[in-house]
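The following block contains the structure, expressed as structure tokens.
The values are calculated or read from the model by the stated rules, or taken from the named source; none is laboratory data. As the structure is a computational prediction, the values presented were derived from the model and not from experiment. Glycine gets a Cβ as well: all are built from the backbone with ideal geometry, and neighbour counts include every protein chain shown.
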């Protein structure tokens, strides 16, 4: 009887967990869950292994493998749990009526595995009506779980793709990694401040979609972006910083949409921290907006023609608003081993679209076309500039 109850409990717990992860379209508020414990301990172990590697591309590639691999292992964990649970039920069902079991526990687990995957070898079959009933139920459960998993993966990757589409689009608008200063100055230099409301509105929608999808499917949190200097958390920080700057001191942009987007994105920070059991660091972290960065930001605003509210209170107000979301974001960044971007880009690292052959020339031509400063000399200079490989290829062709 004890084995029967233990097997039934394992089956119920695994099926409940699978239902909540794959079918229930809302966040489960229960603190103790199999999936939550699984990801918490698995991620902690993965991070310990990742810290052995030096920070850089190798560590990022290693961390990027966790999301897909953890999902595969989670499905295997569910399957093993159900097979073990039904194996205990089959072993107990053979003893009903006081008869000795026809096979031992190992044979019952083998029968359970064959039944779960609907192989039907027939070398071991249940002899009692309860055992036969359990076999039919297990075959249906196994077939149903496999079907749901097959249909679940495309939905998961579709949600990941929708999240990353917006993140990738920030490359040309805010740089890589994205920063609020770059986002504002590029729109100001291109006379696109009137379009900033539309951009912030699209990121308000992005925040709502991310909140809905990542609370229902928390494993998406661990899926990393295509490039090492991009992430959903860095994009979230850059847009929150942008909204904060607009609300505090950038007088060229209307504050209404910035307020709405800030409210949505801050809710994302709060809910994601609660879902991952992350809190703000106990010790203060280095400021993302030092005095040097603050002065550099104001200088960039002046060059771009942006009007900044230069009151003595503006910096204190900016720090107060940042304190409402930045500590939790630092906690999330440390938990996920994902760096947060600064307010101002630290160097002149080119965006991803500027890299590769003739990337600098492409940037110069596009900037000249956008500002209306393109002349014949710039075109001629771009035409003369060839990559080393191109010049060598021309020499070989002439020979």
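Applying the selection to segment 204-227, what residues are within 20 Å of residue 339 (Cβ to Cβ) and surrounded by fewer than 19 Cβ atoms within 10 Å (Cβ to Cβ)?
226, 227
Further question: Any idea which residue in segment 293-316 is surrounded by the most Cβ atoms within 10 Å (Cβ to Cβ), counting only those that are touching a helix residue (DSSP H, G or I) at 6+ places or on another chain (Cβ under 9 Å) and not in a helix (DSSP H, G or I)?
306
Here's something else I'd like to know. Mind checking whether some residue in segment 248-263 is surrounded by fewer than 20 Cβ atoms within 10 Å (Cβ to Cβ), more than 26 Å from the chain's Cα centre (by Cα), in contact (Cβ under 8 Å) with a residue 12 or more places away in the chain and under 19 Å from residue 178 (Cβ atoms)?
no
Could you tell me how many of the residues in segment 245-292 are farther than 23 Å from residue 196 by Cα and not in a loop (DSSP other than H, G, I, E, B)?
Final tally of qualifying residues: 8.
Next question. Based on what the data block shows, is residue 224 assigned to a loop (DSSP other than H, G, I, E, B), more than 24 Å from residue 289 (Cα to Cα) and modelled with pLDDT of 90 or more?
yes
State yes or no: is residue 272 out of contact with any helix residue (DSSP H, G or I) (no Cβ under 6 Å at 6 or more places or on another chain), buried (at least 17 other Cβ atoms within 10 Å of the Cβ) and within 30 Å of residue 47 (Cβ to Cβ)?
Yes: the conditions hold for residue 272.
Further question: Quick check, is residue 287 surrounded by 17 or more Cβ atoms within 10 Å (Cβ to Cβ), within 28 Å of the chain's Cα centre (by Cα) and in the same structural domain as residue 181 (by TED's automatic domain parsing)?
Answer is no for this residue.
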